[in-house]
1. So which residues in the range 153-163 are surrounded by 16 or more Cβ atoms within 10 Å (Cβ to Cβ) and either touching a helix residue (DSSP H, G or I) at 6+ places or on another chain (Cβ under 6 Å) or closer than 25 Å to LEU63 by Cα (or both), if there are any at all?
2. Examine the range 172-179 for a residue that is polar (S, T, N, Q), over 23 Å from ILE75 (Cα atoms) and out of contact with any His (no Cβ under 6 Å at 6 or more places or on another chain), and state whether such a residue exists.
3. When you scan the range 164-185, do you find a residue that is hydrophobic (A, V, I, L, M, F, W, C), farther than 22 Å from ASN137 by Cα and without any contact (Cβ under 8 Å) to a residue 12 or more places away in the chain, even just one?
4. Being modelled with pLDDT of 85 or more and within 15 Å of the chain's Cα centre (by Cα), is that true of even one residue in the range 240-253?
5. Which residue is modelled with the highest pLDDT, if the candidates are limited to the range 74-107 and must be surrounded by 14 or more Cβ atoms within 10 Å (Cβ to Cβ), of a type outside the set (D, E, K, R) and closer than 28 Å to ASN179 by Cβ?
6. Go through the residues of the range 24-46 one by one and say whether even a single one is over 46 Å from the mean Cα position of the chain (by Cα) and part of a loop (DSSP other than H, G, I, E, B).
7. Residues that are exposed (fewer than 14 other Cβ atoms within 10 Å of the Cβ): which helices (runs of 4 or more DSSP H) entirely in the range 174-256 hold 3 or more of them?
8. For the range 257-271, which residues satisfy the criterion of being in a strand (DSSP E or B) and surrounded by 12 or more Cβ atoms within 10 Å (Cβ to Cβ)?
Amino acid sequence: MLVAMTGYPEVKINNAGFEFTPAYASMNNTSLNVGGKSDFLLNGRIENYIPYVFSDQTIRGKLSMRSKLVDVGEIMSKMATDTTVVEDTSAMTVIQVPKNIDFEFDALINDFAYDSIAAQQVKGLIIVRDGILSLRNTGMNILNGSILMNADYDTRDTLKPTMKADFDVRNIAVKDAFNTFNTVQKLVPAAKGIEGNISTTLAFSSLLGSDMMPVTKSIDGYGKLQSEQLTLVESKTFDKVKETLKLGDKYTNSFKDINISFTIKEGRIYLKPFDIKTGNLKMNIAGDQGLDQTINYIVKTEIPRSDLGGSVNSLIDNLSAQAAQFGVAYKPSETLKVNLKVTGTVDKPVIAPFFGSGSGESSDGGVKATAKEVARQTVDKAVDQGKEKHVQKLRPKQQSLLKRPRSRDKGLERKLQKLQNRSGMKLKFRLRIL
């Protein structure tokens, strides 16, 4: 049987079995083709439908669907479109899930196509019960990986509808996800410049706005992201980090063995400190990032001197030579530690180097500034040690003079004062920093 209506795709009914009784209505082995390619095999049963219609009692039902192919693009292309422009003056509101519907719908689709999305083994269980719409073990194979999710859409409190969800994503190509899903383009625009596959787990909860989307500042959750290797093809932040550290072209933008744990609090993603390496550059990264693309990170780096530019190494050697002129032995470390404060936004990062555990707001000059500070602290420490040794050397003589009777030496007070002045002397010299 063929059903054709203007403005809608053709529906071919290959087989249909229906049964109606006062207690239930059932559909058995109903086979349909919609739009030509898409096929559907439906089985189900609805109970208590008459009391539901006349006395608002709870209707119960189960429906299962199986399909070899669902081509949403083809179905949509055969539906008429109205080009009349009508001003929409209505405001979006939350769709309340009826409390008097108890319904389960499970589906398995071998192949699913819609626009740029091509997925296989699409499966899921949708449950409507007690005013909550739930997804259970819903997933698909896509982009040479897989996605599995569970979610609850709760509208029992219509003033504060909520959503809870957890995702398990396995071996998905980051760049392909960006090109395929509009949500990724909106929330993670930096994914456009990343190559490599990731696996991630994510669980979160949030309030929902009138547009049915999560309220950003109400999102709380946690998760983990892992990857064998990622390459930053386009990254303004890392490019600026390399520029600040005076790294040469031999440093690539590829990172291996990535393992990042994070939490989400009030719409900001907080990364727990994690180690990462590219070439000989070691980094420890911690901080937070907003869904509004603002960033706030502390990056602790370790760089071999041999990998630094010639000007930086010349500066360090010069500082060592100056220290030697004052009798201070300063042997530069073969590894230079530089801390970076990374703020601003993903598109306009601000990099501020700093030394020690400061905030990154009072230093400038990148790796050169850090080299100077290392030298200063080393020399100051050596000077303090030299002064302390001199004081310790004079102290026994000072103590012996203190024990002598005043009558035995009329000049004792003068000698004692002289020794005290010497023991409290300050070593004065100036280290010239170029």
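1. Within the range 153-163, TYR153, ASP154, THR155, MET163 qualify.
2. No: zero hits.
3. no
4. Scanning the range 240-253 turns up no residue that is modelled with pLDDT of 85 or more and within 15 Å of the chain's Cα centre (by Cα).
5. Among those residues, the one meeting the criterion is ALA107.
6. Within the range 24-46, none of the residues are over 46 Å from the mean Cα position of the chain (by Cα) and part of a loop (DSSP other than H, G, I, E, B).
7. Per the criteria, 182-187.
8. Of everything in the range 257-271, those that are in a strand (DSSP E or B) and surrounded by 12 or more Cβ atoms within 10 Å (Cβ to Cβ) turn out to be ILE258, ILE260, SER261, PHE262, THR263, ILE264, LYS265, ARG268, ILE269, TYR270, LEU271.
The values are calculated or read from the model by the stated rules, or taken from the named source; none is laboratory data. Fair warning: this is a prediction, and the values are worked out from it, not measured in the lab. All Cβ positions, even for glycine, are placed from backbone atoms using ideal geometry, and neighbour counts span all protein chains on display.
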